[in-house]
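Please read the structure below before turning to the comments.
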Amino acid sequence: MTPEVIPSAEWADAVAGRLADAIAANPSLVLCLPTGSTPLPVYDRLPGVLRARGGSAAGVTIVGLDEFLGLPPGHRARCDTILRHRLLDRLDPPVGRFIAVEVDRADPRSACAAFEAEVSGAGGIDLVVLGLGRNGHVGMNEPGSRIDSPTRVVELTPSTREAAIGYGADPPPTHGVTLGMAPILAAREIWVLATGPEKGTILQRVLEGPTSPDVPATLLLGHEGLTVIADEAAAKGRR
Ligand code: PGA
């Protein structure tokens with residue numbers, strides 16, 4: 001498939017603008033958002049873009065894409081903490097609702113089922129935004145994930161554990177929970193974000209296919225609402 005390629009210096013503004021467009025088009029948008037480094041510049045800009053346009057996310061439901069297990073509430077490496085600090089706490093008025101897997105429950109497996117039910121009750125996900133992992137993962141759907149994988153507890157790969165150390169969790173968690181490939185594919189629209197030259201090789205693999213569980217992002221190919229939004233650095237990094 002063909003990605004949308006945006007000059008690197010304009011990429012974050014452009015994606016924030018598109019998110020604001022999506023919210024303007026559907027003020028009760030159910031929007032699933034990732035953490036990781038890729039979307040952070042977008043989150044830094046979105047509150048200002050909404051303010052400048054007189055827009056509001058007050059009717060929006062945010063769904064957390066994934067979460068580490070075993071970190072206490074408020075830990076700085078937790079995805080919900082990062083999402084709150086980098087975006088939700090900066091939105092005025094605040095978003096209407098934030099749905100995340102209740103990982104602090106004694107049984108995170110039952111929390112996954114409750115989360116999927118809550119998302120369905122909210123009408124399902126309109127738009128899921130994903131960062132492209134270097135190994136092709138989306139959320140914590142690591143290589144080996146299948147198109148019918150539900151929201152579930154997963155064992156983290158060494159590269160995801162390494163990322164957790166970078167966020168301040170040392171020793172890093174061994175497991176996490178992720179929105180599954182099945183509920184991602186059930187979303188009406190999917191945006192895959194890729195920035196920087198280090199994403200060039202995996203971006204090319206995803207765009208060219210073939211579809212394979214070894215590269216979970218390729219399982220999204222064929223979804224009619226899929227858009228890949230890359231910056232020039234990632235697009236040029238393609239071999
Ligand atoms: P990154 O990670 O945005 O930190 O590059 C993407 C991912 O691994 O999900």
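Since every read-out is calculated from the coordinates, none of them should be taken as a lab result. Computed from a prediction, not measured in an experiment: that's the story for all the values here. As a convention, Cβ positions derive from the backbone with ideal geometry for all residues, glycine included, and neighbour counts pool all protein chains shown.
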Quiz item: Of the residues that sit in segment 18-68 and are among the β-branched types (Val, Ile, Thr) and farther than 28 Å from Val154 by Cβ, which one is nearest to the ligand (Cβ to nearest atom)?
Solution: Val49
Quiz prompt | Residues of segment 205-228 satisfying the condition of being in a helix (DSSP H, G or I), within 16 Å of the ligand (Cβ to nearest atom) and more than 22 Å from Leu127 (Cβ to Cβ) | solution = Arg205
Quiz item: Taking segment 3-19, which residues are part of a helix (DSSP H, G or I) and surrounded by fewer than 21 Cβ atoms within 10 Å (Cβ to Cβ)?
Solution: Ser8, Ala9, Glu10, Asp13, Ala14, Gly17, Arg18
Practice problem: Would you check if Leu87 is crowded, with 18+ Cβ neighbours inside 10 Å, closer than 20 Å to Asp21 by Cα and within 16 Å of the ligand (Cβ to nearest atom)? | Solution: yes
Practice problem: Report the residue count in segment 128-141 for those that are surrounded by 21 or more Cβ atoms within 10 Å (Cβ to Cβ) and either away from the ligand (no atom under 16 Å from the Cβ) or charged (D, E, K, R) (or both). | Solution: 0
Exercise. Can you give me the number of residues within segment 98-117 that are among the acidic types (Asp, Glu), farther than 13 Å from Cys32 by Cα and surrounded by 16 or more Cβ atoms within 10 Å (Cβ to Cβ)?
Key: 1
Quiz item: Taking the stated definitions as given, is Gly48 assigned to a loop (DSSP other than H, G, I, E, B) and surrounded by fewer than 21 Cβ atoms within 10 Å (Cβ to Cβ)?
Solution: no
Practice problem: Identify, from the list Ile82, Ile99, the residue that is under 18 Å from the mean Cα position of the chain (by Cα), within 13 Å of the ligand (Cβ to nearest atom), closer than 20 Å to Tyr43 by Cα and among the hydrophobic types (A, V, I, L, M, F, W, C). | Solution: Ile82
